[in-house]
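The values are calculated or read from the model by the stated rules, or taken from the named source; none is laboratory data. Because the structure is a prediction, the values reported are computed rather than measured. Virtual Cβ from ideal backbone geometry, glycine too; neighbours counted across all protein chains shown. Surface areas here come from the heavy atoms of the whole protein model, side chains and all, with no ligands, DNA or RNA. Shrake-Rupley method; radii C 1.70, N 1.55, O 1.52, S 1.80 Å.
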Amino acid sequence: NLAVPALISLSIDPLMTIADTAFIGRYSPPNDPSPLAGLGSAAALLVFAFYVFNFLATATAPLVAKRRGLGDEAGAAFVGGQALGLALVLGSVLAAALLLYKAPLLQVMGTGATGPEADRYAEEFLTVRALAAPAVLACSASNGILRGYLDAKTPTLVLLGSNAVNLVLDVVLVAQLGMGPMGAGIATTTAEWIAALVFLGVLGGKLPSADGEIGSNSARRRTQGGKDDGGDDTRNVDEAILTVTPVLQLPKWTDIRPLVVASSAVFLRTVVLQVAMSSAAAMAARASGSDMMSSAGASSSVAAHQVALQLWLLCSFLCDALATASQALVADGIGRGDSDSVRGVSKTVFQWGVGLGLALSSILWLGTSSGFLTDFFTSDEGTRRELGKLLAIVILAQPLNAFVFAADGVLQGAEEFAYQAKSMALSVVTAFAVFFILQYTTIGRDVILGGDVDTLVNVWYGLIALQSMRGLTSLVKLVEEKGPIDLLG
């Protein structure tokens, strides 16, 4: 009941970027990778900028769910209000920072190596998408709140609608009017603001939710002592609509300590992960620039990395659907002190994760072997050649990804945020070490790779090393006998 709607809702947001990527790749001038390369550099920066604030969903969901499990509805609503207020403030600051420092930030992402045309496209896309920062963070916080209320249907419907808006606007602005990356940016920004306003309307009691747990249709019934007309021991009394609204005043430290502590650990973990992902994009930009001495080659590398990364992220969000469901259920079970329920939910999530990982690998293999994926995203020969090297890695990594994201959800439900932050730091160090060995040492270049050194492929080997270490460290905590899960019982 939770995982399937969550799977749909979590896949919709990356589908917006997939749609942008596909439209830019398909409607760019023939054999010109610059628009897609510009989109790739800007999108990598935006992923970093937006998703370092992922704690607004990740930390909020288990905190809300745990308070509801304890019967503290007022406390759950208060935590949600704090998250919404924080999202709007941080989003406004982030938008201003992206607009003020867009040029040097894009240089860090390697746009200097991809040529002036790709740089121009990247600036156009970033300028428009930066305006969506408050909306993106508000959507993230709203998603976390609704997860805490075990409502995955409302985010699904809201994001389905916003994705439809994005698709229609992509057709008009990119395909018909030829506005390129700027048109894609306008489409996505518009869709995200519509989603944010709808979320705020639902949480504020102005619009209905899908499940009726919150929103204008949440006129709940509570029971009080006494006998009703049927002779029962309780009678129903109308209760006010349940709402969650932004809390903007400075609260007491004791009130916000749980959110701040959880958020800080998740924030640090996400920063470390996004540094690794953004570094991968920057290395992709410089890969062909140094190997082929041409901005066209660098543009092809960035364009291929953008397509592969978006497919990777889409599959990751699909796997994260199981994590989303387990997060709230694990937190609820811990709040009730039901260790058997926590262990049972965890085992079920991992069983489904194995199946989902294998299914995703099979689907990607079919799309690659038939040529559909490369044809769908680009007609540029250089980009197609570079993309072909990466798709095999993306395919083989899916079962590992499924386990890692399922483990993330279980551990987040147990509020093991600090452990996950340390685990992520170790994983990123491992990823950089693997890349360095393969790229710069004799053992890596000559013994392991046999002299066939490809910087872009080595970047992706580093990402696989990162996921492998995440999986290993998560497993250690999951089976810990005195840990919160004790998976083996």
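Observations, loosely collected:
- Size of electric dipole in the range 28-133: Cβ of Lys, Arg +1 and of Asp, Glu -1, about Cα centre, debye, nearest 20: 400 debye
- Across every direction, the projection of the convex hull enclosing the Cα atoms of the range 396-458 has a mean area of 5.1 nm².
- The range 144-154 - phi-based ³J(HN,Hα) in whole Hz, Karplus 6.51/-1.76/1.60, Gly and Pro as x: x, 4, 5, 4, x, 8, 6, 10, 9, 6, 4
- Normalised by residue number, the volume inside the convex hull of the Cα atoms of the range 180-219 is 49 Å³ per residue.
- Every pair of different Cα atoms in the range 28-154 enters the Kirkwood calculation, which places the hydrodynamic radius at 16.0 Å.
- With every protein chain in place, the range 86-215: carbon and sulfur % of accessible area (1.4 Å): 72 percent
- Under Karplus coefficients 6.51, -1.76 and 1.60, residue-wise ³J(HN,Hα) of the range 302-316 in Hz, glycine/proline x: 5, 4, 5, 4, 4, 5, 4, 5, 5, 5, 4, 5, 4, 5, 5
- Only Lys, Arg (+1) and Asp, Glu (-1) charged, at Cβ; the range 334-400 dipole about Cα centre in debye: 240 debye
- As a rough guide to protection, the peptides 404-413, 33-42, 19-28 ranked by mean Cβ packing within 10 Å, highest first, stand as 33-42, 404-413, 19-28.
- Along the range 122-133 the Karplus relation, 6.51 cos²θ - 1.76 cosθ + 1.60 evaluated at θ = phi - 60°, assigns HN-Hα couplings of 5, 5, 4, 5, 5, 4, 6, 5, 4, 5, 8, 4 Hz to successive residues, with x for each Gly and Pro.
- Share of Cα-Cα pairs in the range 103-185 lying beyond 22 Å, as whole percent: 45 percent
- Highest mean packing comes first when the peptides 450-458, 341-349, 360-368 are listed by Cβ atoms within 10 Å, giving 341-349, 360-368, 450-458.
- Under the convention that each Lys and Arg Cβ holds +1 and each Asp and Glu Cβ holds -1, the size of the dipole of the range 406-489 around its Cα centre is about 140 debye.
- In this structure the range 339-489 gives 46 Å² per residue of accessible area when probed at 1.4 Å with all protein chains present.
- Listed peptides 330-338, 178-186, 96-104 by packing density, highest first (mean Cβ within 10 Å): 178-186, 330-338, 96-104
- Calculated diffusion of the range 74-220, Stokes-Einstein form, Kirkwood radius summed over Cα pairs, 10 °C and 1.306 mPa s, µm²/s: 95 µm²/s
- Taking only alpha carbon atoms, the range 369-489 gives an Rg to Rh ratio of 1.08, where Rh is the Kirkwood radius.
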